[in-house]
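Each remark here refers to the structure printed beneath this line.
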Amino acid sequence: MSTLLVPLIACAAVILCVLLLNQVWTLFFDSRTKAKKERLQTIHNTVHWGGKRPGIAQATLQESIVETWLRSHSRTYRQFENLVQRAHSQLSAGQLMLLMLAIFLAVMFIGLQRHINPILLLVPGIAFGSMPLLWLSRKAGKRRQAFEDKLPETLDYVSRALRAGHSLTSALGMVSKEFPDPVGYEFKIVADEIAFGIPFKVALNQLGDHVQSNDVDFLVISLTIQHETGGNLTELLNGLASTIRERFKLRGKIRTLSSEGLTSAWILGSMPFIMAGIITLINPKYTSALWTTTQGQTLILVGLGLMTAGVLVLNQMIRIKV
């Protein structure tokens, strides 16, 4: 079975290299791409709009028929684009997918060269191939957390600006200048979109889709309702800021109470791998039967499945929505 898979993986690797070379040529050496970059830079300097989301200009330049087709037919591809945008990454969704595929094929190729069971190789192949996705998810999570931490202070600032006589759009523009990234960056985009004629509700909804935070969703819903029905906006913002701060306090208490379960999950999840590594260093022949025999490989697969189920159960036990 492995003899047949080696040529297939080698062929896929060659095709992947050709696609990567074509992408590099299109990005850096194609004359049409250079002309588009110069034109976009001219427009950017003319309108002085620095609030483009990361990757918008690059996506315009790097647009291909394949990416257009994937965007219109694949929900997963659109989710990758959303993740790249939320993580403020310079990668495109297509580059992310190519990187994950390259890592997966590299792991499979190395494992087959060592005559490891292809079915057993799927686990490390998928795990290593998913590392860029996990890295971007973690980066997006940190960015969302930084936004949430500054949101109450931002709402207080907007409320004070409104009391001083500024309009809401002007107050959002002031936030973009006074607050650091990611708060200033995101509100800069909202203010610019409104200034360029995008409806207020649409701009706010795009902010909620980009940040993907419950607190931001509350803000978007509150501002949308107030914009349509009217009311005291300063009191609304003050009340929302107070509610978010109380949620922070409750979330901190829950995190403290659930820290024991989290620690148990880390210890129980890492202990088998640590012990297997120690035993392998002491007596390699003792553990070699696990990956050199069919029964041992079956035990590894069953053990990994049970451990995954246990980690998921522990994760659900300590995850409490606030």
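The values are calculated or read from the model by the stated rules, or taken from the named source; none is laboratory data. What you are looking at is a predicted structure, and each value in this text was computed from that prediction instead of being measured. Don't worry about glycine lacking a Cβ; one is built from the backbone with ideal geometry, like all the others, and counts go over all protein chains shown.
Scan the stretch 43-63 and tell me whether some residue there is part of a helix (DSSP H, G or I), modelled with pLDDT of 80 or more and outside the structural domain of residue 205 (by TED's automatic domain parsing).
Filtering the stretch 43-63 for residues part of a helix (DSSP H, G or I) gives 43-47, 56-62.
Of the ones still in play, those that are also modelled with pLDDT of 80 or more are none.
No, the conditions are met nowhere in the stretch 43-63.
Okay, residues lined up against (1) surrounded by fewer than 19 Cβ atoms within 10 Å (Cβ to Cβ); (2) farther than 26 Å from residue 273 by Cβ; (3) of a type in the set (Gly, Ala, Ser):
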site: 72; (1), (2), (3): yes, yes, yes
site: 78; (1), (2), (3): yes, yes, no
site: 86; (1), (2), (3): no, yes, no
site: 115; (1), (2), (3): yes, no, no
site: 121; (1), (2), (3): no, no, no
site: 130; (1), (2), (3): yes, no, yes
site: 136; (1), (2), (3): no, no, no
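Can you list the helices (runs of 4 or more DSSP H) found entirely within the stretch 100-200 that contain at least 2 residues being in contact with a strand residue (DSSP E or B) (Cβ under 7 Å, 6 or more places away or on another chain), outside the structural domain of residue 239 (by TED's automatic domain parsing) and under 30 Å from residue 305 (Cα atoms)? Reasoning before the result, please.
Working: elements: 118-129, 131-163, 168-178, 183-195.
Passing ranges: none, list empty.
If residue 297 meets every condition in (1) surrounded by 13 or more Cβ atoms within 10 Å (Cβ to Cβ); (2) closer than 30 Å to residue 151 by Cβ; (3) outside the structural domain of residue 150 (by TED's automatic domain parsing); (4) of a type in the set (S, T, N, Q) apart from one, which number is that one?
All conditions are met except number (2).
Can you tell which of 279, 274 is surrounded by 12 or more Cβ atoms within 10 Å (Cβ to Cβ) and either touching a Cys at 6+ places or on another chain (Cβ under 9 Å) or over 12 Å from residue 120 (Cα atoms) (or both)?
On the way: 274 fails: surrounded by 12 or more Cβ atoms within 10 Å (Cβ to Cβ).
Every option except 279 fails the conditions.
Give me the pairs: first residue in the stretch 88-101 and on the phi > 0 side of the Ramachandran plot, second residue assigned to a helix (DSSP H, G or I), beta-carbon distance under 9 Å, and six or more apart or on different chains, which are they?
If the second residue must be assigned to a helix (DSSP H, G or I), the pairs left are 88/139; 88/140; 88/143; 88/185.
Among the residues of the stretch 166-184, count how many are among the hydroxyl-bearing types (Ser, Thr, Tyr) and either crowded, with 19+ Cβ neighbours inside 10 Å or in contact with a Leu (Cβ under 6 Å, 6 or more places away or on another chain) (or both). First the steps, then the outcome.
First pass over the stretch 166-184, keeping only residues among the hydroxyl-bearing types (Ser, Thr, Tyr): 167, 169-170, 176.
Then keep just the ones that are either crowded, with 19+ Cβ neighbours inside 10 Å or in contact with a Leu (Cβ under 6 Å, 6 or more places away or on another chain) (or both); that gives 176.
Number satisfying all stated conditions: 1.
Pairs only if they're at least six apart or on different chains, beta carbon under 7 angstrom, first in the stretch 159-187 and farther than 20 Å from residue 230 by Cβ, second polar (S, T, N, Q); list them, first residue then second.
Every condition considered, the pairs that remain are 175/154; 179/154; 183/154; 184/176; 187/176.
Among residues belonging to the stretch 185-203 that are surrounded by fewer than 18 Cβ atoms within 10 Å (Cβ to Cβ) and of a type outside the set (A, V, I, L, M, F, W, C), point out the one that is modelled with the lowest pLDDT.
Going through the stretch 185-203, the residues surrounded by fewer than 18 Cβ atoms within 10 Å (Cβ to Cβ) turn out to be 195-202.
From what is left, the residues that are of a type outside the set (A, V, I, L, M, F, W, C) are 197, 199, 201.
Working: 197: 83, 199: 86, 201: 86.
Here the answer is 197.
Would you check if residue 243 is touching a residue at least 12 places away in the same chain (Cβ under 8 Å), closer than 28 Å to residue 142 by Cβ and surrounded by fewer than 17 Cβ atoms within 10 Å (Cβ to Cβ)? Explain how you work it out, then say what you get.
Numbers: touching a residue at least 12 places away in the same chain (Cβ under 8 Å): yes; closer than 28 Å to residue 142 by Cβ: yes; surrounded by fewer than 17 Cβ atoms within 10 Å (Cβ to Cβ): yes.
So residue 243 passes the test.
Going by the conditions given, is residue 79 without any contact (Cβ under 8 Å) to a residue 40 or more places away in the chain and outside any helix (DSSP H, G or I)? First the steps, then the outcome.
Details: without any contact (Cβ under 8 Å) to a residue 40 or more places away in the chain: yes; outside any helix (DSSP H, G or I): no.
Judged against the criteria, residue 79 is not a match.
Being touching a helix residue (DSSP H, G or I) at 6+ places or on another chain (Cβ under 8 Å) and polar (S, T, N, Q) is the filter; apply it to the stretch 118-171 and report the residue that is farthest from residue 84 (Cα to Cα).
So the residue we want is 159.
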